Every structure is written in C-alpha cells, then in structure tokens.
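Each reported figure results from applying straightforward, stated rules to the coordinates on display, with no laboratory input. Given the structure is predicted, the values throughout are model-derived calculations rather than measurements. With ideal geometry, Cβ positions are generated from the backbone for all residues, glycine too; neighbour counts draw on all protein chains shown.
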Amino acid sequence: MTNLLLPTMHAPTLFLVVGLMHLLMPLTLWTVLHGRHDARSTALWCVGAMLSAATLLLASLRGAETSALAMDSANALGYLGVGMRWAALRRERGRVPPPLTIVVLVLLASAGYVAFTAIGDRARLGFSLPANALGAAFIAYEALRLAREQASRSARMLGIAYAVLAVALLARLVSTFAGIAEPPTPSFSLETLTVLVGSLLAALWGNIGYLGFAMEMAQRRETARTAELAAATARSEVAERQAAELKALSDERQELLRVITHEVRQPLHNAQAVLQGVDSALQAHAGADPVAEAWVARTHTVLRNITASLDNTLAASTLLVGEPPTPPRDADLDILLDLTLGDLPPAARARVRIVRDSEVRTAAMDTGLMRLALRNLLVNALAYATPGSTVTLRVSDSDEPLALLISVIDEGPGIAPELLARVFERGTRGRADLPGQGLGLYIVRRAMQQQGGSVDATSGPAGSVFTLTLPQGVEPA
C-alpha cells in the first residue's frame, strides 16, 4: 500500500494555519462589511465560518490532551457553521430557511458523528467526510445559484471554492476506502494535504468571494441610487442636497475600498509567509516528498497571483481613479528595482537582466506607483515573451528634457499594429488564453500620468520595448 507522507512535525502546524485562516478571514470580513451590508446575512456568514474554524483548530491538537467530548463538540460546531453559511447564502437569494431545519440537521449530523466514532476510525471517516463534503456542496450550490440570479462573478468564485473543497473531501474518502490511504494518524498524508489546501482555498476565495459579492451589491445600490438622485434633481429644486448625498455614497465606497486594501491584503501576505516557512522546512528535511513540495509551491503561486490581481483591481478602483497626485520624493533606484523583482516568482526573477546605462542613484518619484507600473510591465513581458527568454530592464536618463528612463525589453513575437494602437486602454488583452482582466498596461499608463510622466511602446518581429519616462524637477500635472 502506497502512502505518501510529509514530515510528521508539519501536520499540526498546517492544521493550525488553515484553522487560523478560517478564523481570521471572517473577522476581517466583519470589520469591512459591518454596517455596510445586510446585517443578518453578514453575521450568519462570519459566525458560521468562525464556528467551522473550531474543528480545524482542535484537529491541530489531536494527539495532545484532547478529549473525545471536545472533538465531538468541535464537529458539532463545524456542522452548525456550515448550516449558518448555507443560511446566509439563502438569505442573499431572498429565501430564508426555517431555523428549526438547521438545528435538526446539525443535531442529526452530530449524533451520527458520535455514533460512527464509537465504531472506529474508518466508520468515523465514512460518516464525517461525506457529511462535510455534502455541506460544502450545499454551500457551493447556493453560491452558484446566487451567481446566476445576480450575475455575480464573486459569488461564482465562492461557489467554485466550496465545490473544490467538496471534491477534495470525496477524493480523501475514496482514497481511504479504496486502500490508497490510511485513516488519519499523527503523520500527514498527501490526501490530507489535498483536503487542507481545499480548506485553505475555501477560507481565502470563499470569504473574498462573499466580500466581492457584497461589494457588487453595494455598487448596484449606488448605481440605482445615483439614477434616483438624477431623476429627483430634474424634478425638484433640491439639487445641492441631492448632490451632497451622491458624494456621500461615493465617499463611502472609496472608504470601503481603502479598508479592503489594508484588511484583505494583510491575511494574504500572512498566508504567503506561513507557506514560505513550510516550504523552507520541507527543503531542509532530508525525507521530504517532492510531490508535497510541489503542492506547497503551487499553493504559494496561487496566493501570489491572488495578491497581484487584488493589487491591480484595487489600484484601478482607488489609487488611480480620481485621486490627486502626491508630490514626488527622492527615492533610491536600487531599492525600487529590488522591491519590484521581489514581487516576482523566483523562476521569473531569474529571467530578468538589469542593465544600468546611467549613474543616477536617486530620482524624484512616487515609489509605490513606480513599483506598480514596473511590476506590471515585467509581468506582461515575461508572459508574452518567448518561453525561457531573457527580459531586459534598462535604466537610463535624458538631459533634454531632464528625465529618468526605464525600459523593459522582451524577445517575443511582437505586438500586432492594430493592437499596439490601443494597448494601454482598459480591458485590452493580447491573448485570451492568458489570465488577466486587461488592467496591467492601463494601470501602467495611469501610474505614470499621476506622476506627470508617460509610457511608450514600440514593437517588431524581434520583440517589444516599453519605456517609462519620468520627468525630473517638474511637478506632476
């Protein structure tokens, strides 16, 4: 019987990490949405997610001084948490389930868990895994129905996350009863890692999906309210008061996006740091399984992509839309380049060659905007260049007019002339088979405009060149 195992000491740690993510994400969600979205639906979702975290947190203590009663209670809380999240999505669809239904289902599931646990580990797994998979499937079903009814991409992401979790739980069940894997022990199997990765994605994508759905609803309410205010303005003499109300709605939305910038990105960075630590521990362990290392690396890549996508979306929604430019400050170019390269995965970082044609060490700029612009150019060049080819980052300067020039040069197939003319427009994409929303180059242009600079593109059969021009000694327009 083949059983791929990770080092024993990492099992409690990963259970604890996933449990903490299940606990911290709904706390973040409550902080952002409290008073801004339907109170009962938000409370049901957040409390339900935190209750489900109890099962994972106590699972991390299994093998320590953990009583059977504590584990039974933790599973009961987990079932209640699933029921509350299901009820939250039902409320979002306008279909409020009777509370008695949830109570009865939770009691039946809890009694079943206790009864099957008394029989043995396999019987317990034979009940617990399909029960939890069924709960995840119910949540996925409600989320996908909500996505179809409300035309919500965020609700669809939520549904997909829980569908993945349900599939991972069923795969664990099949592998156990087909003899591929043993019931849980203090060691840590690849099948258990699959379930934990599914749970981690449910904690991240599920909660971010619910947050995105709430934001979409807020945007629609704002749009509807804007139309109402416009019509009322045409019919009445209270245009000034109504304009103030409209501004208040817009300010509220901007405030909500600023809160998200801090509250949502931080847990993602924390998760990346934890996974980096786990990866380092696996590398240091002589018997580490390469398949497990690949799973951890893949999860780290997924989190990096989520963070980059979130950064671009928030930048397009807040920093680059209607915000006044900030005065430029002298910044170290080497630090800017190091920070930007640090945003790339190691394999992509190795393909970037830096060429310094200027002795300038500092320049007047907004470091955050320049880092955002340069990172998007590098990501774009690495994606569209010939696989494995080198991308050159050239730093130079201009005396007339006085400006800093940063060019990103790739060795790709080039850009078609008709596409090159609108490459910096929002929503423009070079290839449909690559991920993205067409925001990258649009953000580059807006980031440079915010600093009084510009970006230019040239392309030919041998590759493309994107050049950032940042004037020096001139205040941004």
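A few remarks follow.
- Pairwise label distance in nanometres, LEU27 with LEU108, each label 7 Å out on the Cα-Cβ vector: 3.5
- With the simple spin-label model, which puts each label point 7 Å out from Cα in the Cβ direction, the GLN449 to THR386 separation comes to 3.6 nm.
- The length gained by stretching the chain between ASP72 and VAL167 to full extension, at 0.36 nm per residue less their Cα-Cα distance, is 31.8 nm.
- Per-pair calculated FRET efficiency, R0 = 30 Å: ALA244 and ARG153 via Cβ, rounded to 0.05: 0.40
- Treating r as the C-beta distance of VAL360 and ASP456 and R0 as 22 Å, the FRET efficiency rounds to 0.65.
- THR226 paired with ARG40, simple spin-label distance in nm, labels 7 Å along Cα-to-beta-carbon: 3.1
- You can think of it this way: the chain between SER396 and GLU425 has 7.8 nm of extra reach, that is 0.36 nm per residue less the Cα-Cα gap.
- The order of THR392, THR340, THR176, going from fewest to most other C-beta atoms within 10 Å of their C-beta, is THR392, THR176, THR340.
- Neighbourhood charge, 10 Å Cβ-Cβ cut-off, centred on GLY159 and excluding it, Lys, Arg +1 and Asp, Glu -1: +2
- With R₀ fixed at 30 Å, the C-beta to C-beta distance from GLU216 to ARG329 puts the FRET efficiency at about 0.25.
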